[in-house]
Amino acid sequence: MTGLVVGAVVLCILLGKWVLPDFLVGQLDLFTNLALGLMLVGVGIDLGSQRSTWCRLRALGWRVLLVPLAVALGSLVGAVGGGLILGLPLNESSAIGAGFGWYSLSGVLIAQIYSVQTGALAFLTNVIRELLAFMLIPVLAVKVSKLMAVAPGGATAMNTTLPVISRVTDADTTVIALVNGTSLSLLVPLLVPVLIGF
Amino acid sequence: MEFIFICLAAGGLIGFLRPPSPGVAKLVNYATMAGSFVLLVSMGAQLGANESVLADLGRMGIQAFILAATSILGSILLVRLISGKIERRLSAPVGEDSHRAGEDN
């Protein structure tokens, strides 16, 4: 799926460079806003209707929420650290880190609110995060601990990387991964605009 | 920015107050994917039309790898810090497990 998405974006980059007329490129903002609204309402409905996830969370204990908190904080601190190495401003690196692997939303939000260049960097960073997560999850689960396998995926732990986590860990860890992914998915549209605005 | 919060909150309220039936949930999933696809197409076209971004893609790839790696490293280290507290809970029995596996991000 990630390959398809990257392929589609590359195709559209080529279209934008050679095929689309300038006046149409200027109208893209309108389409982007409409699509963004549609997508966010859909994501909101999905998150709001997940009562069973929150019930399972109660069964495991609220302490489990420390996992998404640690993943979020670690991701932000890590991205800011990486940004310092690269000489990026704090608002850019932290907002990119707050994508938590959700490349489609974080890239577009930053491109819309801030700049296309930083949006592209956010998109690439979060695509690479997802790809690295696929490689690291089995290794971490076997070599370190099952819980550690939840960390690399970030928000993708509720969808694309969940089958991998489920395969290499156990039922409890899979539930924690689901809670982690759901919590982080809720945080992405809240944190990215706030952090990029600083 | 308000637009983002309003859309998300409106969706969250709808989902919480009137959880969709499996058929409607599937439609919502399709709509979300369609929105996501349009966003990616639009972003790709905007990137293609921006010469300075295109000229910078190689350097951007290296930057993206560093940012992704440091983000993951930070997450792993902090989860490691709290893992002792959580792993004790994992031995306690919990209810049945079901996933929303296979959905796209």
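The values are calculated or read from the model by the stated rules, or taken from the named source; none is laboratory data. Remember, it's a predicted structure, so these values are computed and weren't measured experimentally. When we count neighbours, we look across all protein chains shown, and the Cβ atoms used for this are built from the backbone with ideal geometry, even at glycine.
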* Subset of region A:135-153 [out of contact with any Ser or Thr (no Cβ under 6 Å at 6 or more places or on another chain) and touching a residue at least 60 places away in the same chain (Cβ under 8 Å)] -> A:Val150
* Asked: In region A:12-32, which residue that is more than 7 Å from chain B (Cβ to nearest Cβ) and under 18 Å from B:Ser36 (Cα atoms) is modelled with the highest pLDDT?
  -> A:Leu30
* To do: Taking A:Leu121 as the residue in question, decide whether it is surrounded by 23 or more Cβ atoms within 10 Å (Cβ to Cβ), at the interface with another protein chain (Cβ under 7 Å from one of its Cβ atoms) and hydrophobic (A, V, I, L, M, F, W, C).
  => yes
* Asked: Do you know which residues across region B:35-51 are facing chain A (nearest Cβ under 7 Å), assigned to a helix (DSSP H, G or I) and free of Cβ contacts under 8 Å to residues at least 40 places away in the same chain?
  -> B:Gly35, B:Val38, B:Leu39, B:Leu40, B:Val41, B:Ser42, B:Met43, B:Gly44, B:Ala45, B:Gln46, B:Leu47, B:Gly48
* To do: Kindly indicate whether any position in region A:98-110 is over 13 Å from the mean Cα position of the chain (by Cα), small (Gly, Ala, Ser) and facing chain B (nearest Cβ under 7 Å).
  => no
* Structure fact -> Result of the Cβ filter at 6 Å on region B:66-82, keeping first residues that are crowded, with 24+ Cβ neighbours inside 10 Å and partners that are assigned to a helix (DSSP H, G or I) and of a type in the set (S, T, N, Q), at least 6 apart or interchain, is B:Leu67/A:Thr125; B:Ala68/A:Thr125; B:Ser71/A:Ser75; B:Gly74/A:Ser75; B:Ser75/A:Ser75
* To do: Report the residue count in region A:2-14 for those that are surrounded by 17 or more Cβ atoms within 10 Å (Cβ to Cβ) and more than 19 Å from A:Leu132 (Cβ to Cβ).
  => 2
* Filter result (within 7 Å of chain B (Cβ to nearest Cβ) and either crowded, with 22+ Cβ neighbours inside 10 Å or closer than 15 Å to A:Met158 by Cβ (or both)) within region A:61-82 -> A:Val64, A:Val67, A:Ala70, A:Val71, A:Gly74, A:Ser75, A:Gly78, A:Ala79, A:Gly82
* **All positions within region A:143-163 that are at the interface with chain B (Cβ under 7 Å from one of its Cβ atoms), over 19 Å from A:Trp102 (Cβ atoms) and not small (Gly, Ala, Ser)** => A:Leu147, A:Met148
